[in-house]
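What follows is a short report on a single structure.
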Amino acid sequence: MDEQKSTVRAVERALDIMLCFTDATELSLSEIAKRISLHKSTVHRLLASLESKGFVLRDSQTDKYRLGFRVWELSANLTHSDDPATILLPEMERLREGLGETISLYVRDGLERIRIQAVQSNQAIRRVAPIGARMPLAVGASSKVLVAFDEPTVLESVLADPNWPETVNRQGYQEQLAEILKLGYAMSVEERELGAAAISAPIFNRNGKLVAAVAVSGPSNRMTTEVMKQFAEPIMEAAKRMGKMLK
């Protein structure tokens, strides 16, 4: 009975920590401990558990915590008025109508990317993009965008990943990222899925911070390299419009 009470109490305290972020974007360990009236050592243990599950993220430079992207997966079937998945949906639909292919929105979570929103193509033969899907950062147009335009430490972590695929050359990967930085977008053909191609561009918020990547994807026999190059300008313009909508 005592063990059960202790477990329930730990769950309640972890939820109290999560609720601290209802009116704050980032909080330090001390700030969280003060808000929920617990000792810092107890809060630290709970934060470590939440961080290991992806519900909170710790900024290594400021030591402050914020909500993790695991929350996106829980809210995949919900709608909110203030998150990118909802705010950017009209622009994604507009881009789909203009280009005729599937549009996806990705964010980085550690060494993976997550699809947090998607607008499916209306064409009979199309690429279906399920929301909540997780993918590695070593391959794919959106993966490379999320690494190329982020801080250098992100690339260092990706290259040091023990799960790095043997089929991908690290030097070649870095050279691709350098080219992507020059172009402003990334393309991939059958890197992750046979028969699929994609082009992706970064989305920076009004403060100039990388927040997501928008991608256009479809069958590789329809989305040839030439076609994707024609898509480059429209997708980069759409990404700029989307960025202006985000704080």
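How high is the FRET efficiency between residue 29 and residue 73 when r is their beta carbon distance and R₀ equals 22 Å, given to the nearest 0.05?
Given R0 = 22 Å and the Cβ-Cβ separation, E is 0.30.
Taking the chain as the reference, fit the longest principal axis to its C-alpha atoms, fit the long axis of helix 225-244 to the helix C-alpha atoms, and give the angle between the two in degrees, 0 to 90, nearest 10.
40 degrees
Per residue, how many Å² of accessible area does the chain show with a 1.4 Å probe?
Heavy-atom accessible area per residue stands at 56 Å².
Cross-link list 64/240; 209/244; 144/247: which exceed 19 angstrom alpha carbon to alpha carbon?
Long pairs (Cα-Cα over 19 Å): 64/240; 144/247.
Only residues of the range 204-247 count here: report those whose backbone N is under 17 Å from the spot 7 Å along Cα→Cβ of residue 189, or say none.
Answer for this model: 216-232.
For an R0 of 51 angstrom, estimate the FRET efficiency from the Cβ-Cβ distance between residue 42 and residue 222 and round to the nearest 0.05.
0.35
Would you please give the residues with an amide H less than 5 Å from that of residue 246, counting only those at least 5 places away or on a separate chain, with H modeled from the backbone geometry?
Here the answer is 206, since their amide H atoms fall under 5 Å of that of residue 246.
Which angle from 0 to 90°, rounded to the nearest 10, does the C-alpha axis of helix 2-19 make with the longest principal axis of the chain?
Orientation of helix 2-19: about 50 degrees from the principal axis.
Using a 1.4 Å probe on the protein chains only, how many percent of the accessible area of the chain belongs to carbon and sulfur?
Ligands and nucleic acids excluded, carbon and sulfur reach 51 percent.
Which whole-Hz couplings ³J(HN,Hα) result when phi for each residue of the range 162-175 is put into the Karplus expression 6.51 cos²θ - 1.76 cosθ + 1.60, θ = phi - 60°, listed in order with x for Gly and Pro?
Result, rounded to whole Hz: x, 9, 4, x, 5, 7, 9, 7, 5, 5, x, 4, 5, 5.
On C-alpha positions alone, give me the angle between the axis of helix 40-52 and the longest principal axis of the chain, in degrees, nearest 10.
Once rounded, one gets 30 degrees.
Show me 31-43, 203-215 ranked by packing, highest mean number of other Cβ atoms within 10 Å first.
The most tightly packed comes first, giving 203-215, 31-43.
In terms of modelled amide H atoms, which long-range or inter-chain residues lie less than 5 Å from the amide H of residue 38?
Those lying under 5 Å, H to H, from residue 38: there are none.
Testing the spin-label approximation: label points 7 Å from Cα along Cα→Cβ at residue 244 and residue 175. State their distance in nm.
The two pseudo-label positions are separated by 3.8 nm.
Taking Cα pairs under 8 Å and at least six residues apart, what relative contact order does the range 45-125 come out at, in percent?
20 percent
Quick one: if the Förster radius is 25 Å, what FRET efficiency do residue 157 and residue 49 give, using the C-beta to C-beta distance and rounding to 0.05?
Using R0 = 25 Å, I get an efficiency of 0.70.
Just to check I understand the Karplus step: with θ = phi - 60° and J = 6.51 cos²θ - 1.76 cosθ + 1.60, what whole-Hz values come out for the range 186-196, glycine and proline as x?
Using θ = phi - 60°, the values come out as 10, 10, 8, 10, 6, 7, 10, 10, 5, x, 10 Hz.
The values are calculated or read from the model by the stated rules, or taken from the named source; none is laboratory data. The structure displayed is predicted, hence computed values, not measured ones. Glycine gets a Cβ as well: all are built from the backbone with ideal geometry, and neighbour counts include every protein chain shown. Accessible surface areas use protein heavy atoms only, side chains included; no ligands, DNA or RNA. Shrake-Rupley method; radii C 1.70, N 1.55, O 1.52, S 1.80 Å.
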